[in-house]
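Only one structure is covered here, and it is reproduced in the block below.
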Amino acid sequence: MDAQQVAPGVHRIHSHEVVNWYLVEHEGRLAMIDAGLPPDWETFERVVRSLGRTPADLSAVVITHAHIDHTGIAERARVDAGATVYLPDGDRELAAHQLRSSKSSRSPVRYLGKPATRSLYMKMLRSGALRSQPIRAFQTYADGDTLGAVPGSPVAVGTPGHTDGHTALHFPDRDVLFVGDALVTRNPYTDETGPRLVSLVATADADQALASLDRIAATGAGTLLPGHGDPWTGGAQEAASLARAAGPS
């Protein structure tokens with residue numbers, strides 16, 4: 001099964017056992033939240049057909065942050081489906097130079113002894129993530145913006161730390177918050193589960209990431225949809241509390 005419905009009109013796609021991306025249905029149109037890995041276009045086509053729709057129904061791709069495992073098919077969606085790509089204003093430099101501009105609070109060498117880290121890197125290499133197409137045209141958005149042209153009109157919630165511009169997306173009418181990698185329920189570098197921050201190897205600023213947990217909690221969302229791990233239905237406040245207690249890794 002390519003997709004799992006995780007909220008009304010919200011479908012989760014788990015790409016290559018690495019990362020989640022999502023499709024949101026609203027009034028005959030689709031929004032993609034994050035864009036997975038480069039081979040995911042065929043999966044996207046299968047999923048939209050299973051929903052009784054076509055790629056042309058995709059009107060927006062909203063990126064929570066510009067790491068390579070979240071931008072995979074964004075450019076193809078822009079070119080082939082005519083979708084508008086939305087990128088956090090603070091991640092423009094990262095989007096332009098994804099490998100060179102990616103920041104890390106701790107050296108990757110310290111994680112290579114972990115089987116989960118080695119497995120993650122191998123899956124990323126096999127997926128062709130390093131050959132991801134750059135996004136050549138996009139609109140930017142910032143904390144507090146309501147993206148009225150995006151199906152479902154999400155509200156942007158600034159959650160920097162994982163990247164400089166990382167932004168979560170709140171759909172209040174569905175009680176859903178797409179948290180990207182500001183909070184995950186499975187850390188891909190350690191295989192630890194439960195609400196937590198991503199390891200420092202992939203975090204630009206750990207202090208900012210911890211502070212952003214307060215922004216997540218303040219939404220009061222009942223369901224959190226992360227970039228890594230299963231949906232969390234225990235509420236934003238509890239998730240933020242558990243992530244803060246777990247601390248950086």
Legend entry - Cα Rg, Dmax (largest Cα-Cα span) when computed across the stretch 28-155, Å: 15.7, 47
Inset, instruction - Can you pull the one-decimal nm distance between simple spin-label points at Glu238 and Asp207, each 7 Å off the Cα toward Cβ? - result: 3.2 nm
Inset, instruction - Leaving ligands, DNA and RNA out of it, report the carbon-plus-sulfur percent of the accessible area of the stretch 1-129 at a 1.4 Å probe. - result: 49 percent
Inset, instruction - Return a whole-number percent for the relative contact order of the chain, with Cα pairs under 8 Å and 6 or more residues apart as the contact set. - result: 17 percent
Inset, instruction - Give the accessible surface of the stretch 75-201 per residue, rounded to a whole number of Å², with probe radius 1.4 Å and ligands, DNA and RNA excluded. - result: 45 Å²
Legend entry - Cα shape, the chain, gyration tensor, a/c 1.5 rule: rounded
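The values are calculated or read from the model by the stated rules, or taken from the named source; none is laboratory data. This is a predicted model, so every value here is computed, not measured. Cβ: placed from backbone, ideal geometry, glycine included. Neighbour counts: every protein chain shown. Please note that ligands, DNA and RNA were not included when accessible areas were found on the heavy atoms of the full protein model with its side chains. Shrake-Rupley method; radii C 1.70, N 1.55, O 1.52, S 1.80 Å.
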